[in-house]
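Have a look at the structure below, then the notes.
The values are calculated or read from the model by the stated rules, or taken from the named source; none is laboratory data. None of these values were measured; they are calculated from a predicted model. When we count neighbours, we look across all protein chains shown, and the Cβ atoms used for this are built from the backbone with ideal geometry, even at glycine. Quick note on the areas: whole protein, heavy atoms, side chains included, nothing else; ligands and nucleic acids left out. Shrake-Rupley method; radii C 1.70, N 1.55, O 1.52, S 1.80 Å.
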Amino acid sequence: MLVKAPANQATPTQQAGEYDLRQIDCDPNFWYPVAWSHKVRPGKAFAARYAGHPIALIRPENGPVYALEDRCAHRQVPLSKGLVEGDCIKCCYHGWAFDRAGKCVTVPYLNREDVGRPVRAYPCREKSGLIFIFPGDPALAESVPVPKIAQVGNPDYKTRHFSPRLKCHYTFMHENLMDMNHQFLHRRQMGSITARFLGQSKGENFLEARYSFARKGGNQPLAEALIFGKHHDDGREQPVEEVVSVRTTYPYQTLKIHDKDGDLIMDLWVAYVPLGADQLGTQTFGLLSVKKPKWGFLLDLAWPALGLFTHRIFEEDREIVELEQKAWRELGGDRNIEVFPIMKSLRALLAREGVPNKAAKPVHKS
Ligand code: FES
Ligand SMILES: [Fe+2]
């Protein structure tokens with residue numbers, strides 16, 4: 001079981017925040033998405049992963065999806081290769097059958113119920129087209145809410161989803177989105193724009209930064225203009241028209257854009273799910289909701305262009321965060337020199353909420 005150690009079990013030199021940020025694992029005591037709902041078809045099983053733990057997602061023909069450790073108790077082959085029969089999954093090798101609680105209910109060749117061993121069952125929920133598991137202490141699952149996700153199900157919005165894999169620690173992604181001063185990276189897609197920091201809010205488990213953007217030159221991209229309206233570039237700094245709020249509410253991240261009337265015009269929700277045991281690879285699950293304009297078909301027309309535009313931007317982000325991870329490996333640790341106060345707060349939040357991994361080395365400040 002993955003359980004966050006109580007703070008009082010750490011030695012004085014091992015308080016969160018004194019470790020290399022890239023050696024701090026996600027706190028498992030949250031709901032993490034591990035698959036899109038449509039990938040797990042009725043009567044089938046699906047292989048997913050959380051931080052090196054193989055997870056079998058099983059959807060019976062009738063009844064809700066459930067999650068088991070994806071290793072048969074007999075000879076540890078993946079249960080996700082098995083056969084869904086009724087409410088059970090039957091291992092593909094010798095046919096041991098496990099129910100949704102992970103109990104072995106049949107060892108068919110002995111015709112006995114009492115000899116097989118159970119496998120671990122994970123609390124599992126389905127919401128907004130995603131399947132979530134709770135990888136930590138199951139006793140805590142009921143008390144932790146499954147997150148609200150963008151504007152899924154709201155008919156006033158159109159939502160697209162994406163799920164790229166990244167060769168980097170999840171913390172790089174939180175930093176990338178929160179630090180809007182990196183728009184220089186996107187100059188080929190966005191032209192020359194700069195972020196203006198408007199303010200922040202923070203609490204025990206969240207941090208929010210608010211920005212507006214000013215165009216300094218270059219053409220406004222078509223997809224952006226279709227959604228937000230044409231911004232004229234007359235060489236002057238523009239007044240604040242939209243407010244972009246980036247928020248890490250541990251362990252999730254959101255980006256919301258409100259127009260000058262305060263209406264929510266874009267709502268992005270992202271979860272970063274560690275893949276391997278070292279958590280240096282990340283599966284992203286994101287949903288991006290865009291408010292439909294008065295003439296909804298205009299958004300339908302712009303949809304492919306918007307998809308291409310966001311994809312290109314994301315690919316630039318992907319390349320840069322993977323290069324950051326590469327530098328971390330080559331240098332043997334985190335050498336970042338952070339100067340933006342909101343980013344220092346974000347790093348402290350991620351360190352405080354996460355769990356140092358077994359290999360984590362305390363950082364000695366000189
Ligand atoms: S390995 Fe699963 S039943 Fe034998
Ligand atoms: Fe970016």
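So here's what we get for this one:
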| quantity | calculated |
| --- | --- |
| Pairwise label distance in nanometres, Ala327 with Lys127, each label 7 Å out on the Cα-Cβ vector | 3.6 nm |
| Cα gyration tensor, segment 32-133 - rounded (a/c under 1.5), prolate or oblate | prolate |
| Cα convex hull of segment 157-356, projected area averaged across orientations, nm² | 11.5 nm² |
| Residue-normalised accessible area of segment 72-147, given per residue in Å² at a 1.4 Å probe | 52 Å² |
| Partner aspartates and glutamates for Lys358 [C-alpha distance under 19 Å; skip if fewer than 8 residues away on the same chain] | Glu18, Asp20, Asp25, Asp27, Asp137, Asp278, Asp334 |
| Label-point separation, Glu241 to Ala47 (7 Å along Cα→Cβ), nm | 4.9 nm |
| 30 Å Cα-Cα threshold exceeded, pairs from Lys81/Lys127; Lys90/Lys127; Lys291/Lys344; Lys256/Lys294; Lys81/Lys158 | Lys291/Lys344; Lys81/Lys158 |
| Overall dimensions of the chain by Cα: Rg and Dmax, Å | 22.9, 81 |
| Cα long-axis angle, helix 341-353 against the chain (0 to 90 degrees, to the nearest 10) | 10 degrees |
| At R0 = 45 Å, FRET efficiency that the Cβ-Cβ distance of Glu204 and His94 yields, to 0.05 | 0.35 |
| Contour excess over end-to-end distance, with Cα ends at Leu264 and Phe197 and 0.36 nm allotted per residue | 22.2 nm |
| Cβ-derived FRET efficiency at R0 22 Å, Ala277 paired with Asn181, nearest 0.05 | 0.10 |
| Unpaired by the 4.7 Å Cβ criterion, cysteines found in the chain | Cys26, Cys88, Cys92, Cys104, Cys124, Cys168 |
| Net length gained if the chain between Ala101 and Leu308 were fully extended (0.36 nm per residue, minus Cα distance) | 70.2 nm |
| Dipole magnitude of the chain, debye to nearest 20 (Cβ charges: Lys/Arg +1, Asp/Glu -1, about Cα centre) | 540 debye |
| Portion, in percent, of the accessible area of segment 43-162 that falls on carbon or sulfur, probe 1.4 Å | 50 percent |
